[in-house]
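Written out below as structure tokens is the structure these notes cover.
The values are calculated or read from the model by the stated rules, or taken from the named source; none is laboratory data. As the structure is a computational prediction, the values presented were derived from the model and not from experiment. Here the Cβ positions follow ideal geometry from the backbone for every residue, glycine too, while neighbour counts run over all protein chains shown. Each accessible area value is taken on the protein alone, full model and side chains, heavy atoms only, with ligands, DNA and RNA left out. Shrake-Rupley method; radii C 1.70, N 1.55, O 1.52, S 1.80 Å.
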Amino acid sequence: SKNAAYIYAHGGGVIAGTPSEYKPILDFTAVNCGVVVFNVDYRLAPETKSPNNIKDFYEVIKYVSNNAESLGIDPAKICIVGDSGGGYICLGAEVLLAQHNEGYLVKLAIASEPMVDDYSFGDPLAMTIEERSDHLERRKAYKLIASDLESQNTCPLMFPGKASEELLSKFPPTVLDSREFDIFRTETSRLAGRLRRAGRLLEFVVIPGSVHGSCLYPGLESSTLWAETTKQCIKEYLLD
């Protein structure tokens with residue numbers, strides 16, 4: 001039958017993590033939201049440099065779209081999703097789709113607590129406590145992800161938050177979600193404003209009282225709220 005597709009990129013800062021670590025939460029999501037999950041094993045840095053990890057995810061989007069009938073997928077109901085480093089991969093795939101004028105292939109994108117841009121290279125005195133506590137590790141991660149950080153500094157495939165207004169206007173309809181005390185809260189908020197201005201933001205959700213990654217732990221109130229929010233977004237923007 002024609003099912004909705006949920007193409008997922010796991011977290012780990014693009015330098016760590018495996019799809020199998022996220023299987024329990026994705027099993028729950030498949031049942032809770034009524035979707036078919038594709039759990040993508042994209043290649044990690046430093047062995048694989050930007051933008052090739054993003055291209056791995058993009059190729060899965062293309063494969064699911066091109067083979068929708070044999071996979072039992074409705075090609076008009078494809079959703080792409082990512083958490084943290086996976087949110088970065090999801091946003092990078094949106095850049096690639098926009099560059100190829102293929103935003104129409106994806107009905108809904110959900111970037112959850114995503115890495116967005118090089119905000120971590122800024123003045124730590126202007127950061128929140130949470131951002132300041134992580135910014136040095138984030139700088140190290142980006143140096144591992146980049147082929148040449150200096151030459152890629154303005155490239156939206158390296159930093160999706162630097163996509164031009166023209167590219168943003170070609171993004172799939174997007175939901176951004178963050179946490180009240182997230183390490184990427186400021187950069188996610190800035191991107192939300194730019195996407196809203198470009199007419200591509202569906203929702204900007206901030207889970208109150210929560211920190212980065214807390215929504216992936218069943219039993220926490222923030223996790224329950226995140227699951228309900230995700231289900232509502234899927235129902236309203238993907239299934240209807």
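A compact table of results
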{"read-out": "Accessible surface of the chain, 1.4 Å probe, proportion on carbon and sulfur as whole %", "value": "53"}
{"read-out": "Compactness of the range 1-146, expressed as Rg and Dmax over alpha-carbon positions, Å", "value": "15.9, 54"}
{"read-out": "For residue 3, distant residues with modelled amide H under 5 Å away", "value": "73, 74"}
{"read-out": "Pairwise centroid distance, computed over Cα atoms, of the range 142-172 with the range 66-82, Å", "value": "26"}
{"read-out": "Listed residue pairs exceeding 28 Å between alpha carbons, taken from 140/170; 162/235; 23/55; 107/143; 49/235", "value": "140/170; 162/235; 107/143; 49/235"}
{"read-out": "Reference-scaled alpha-carbon Rg (2.2 N^0.38 Å with N residues) for the range 76-122", "value": "1.21"}
{"read-out": "Average accessible surface area per residue within the chain, 1.4 Å rolling probe, Å²", "value": "43"}
{"read-out": "Base-10 log of normalised Debye intensity for the range 7-81 (one unit scatterer per alpha-carbon) at q = 0.14, 0.24 Å⁻¹", "value": "-0.48, -1.14"}
{"read-out": "Karplus (6.51, -1.76, 1.60) ³J(HN,Hα), θ = phi - 60°, over the range 60-66, in Hz, Gly and Pro reported as x", "value": "5, 4, 5, 5, 4, 5, 6"}
{"read-out": "Sites residue 165 and residue 128 - FRET efficiency at Förster radius 41 Å, r taken between beta-carbons, to 0.05", "value": "0.95"}
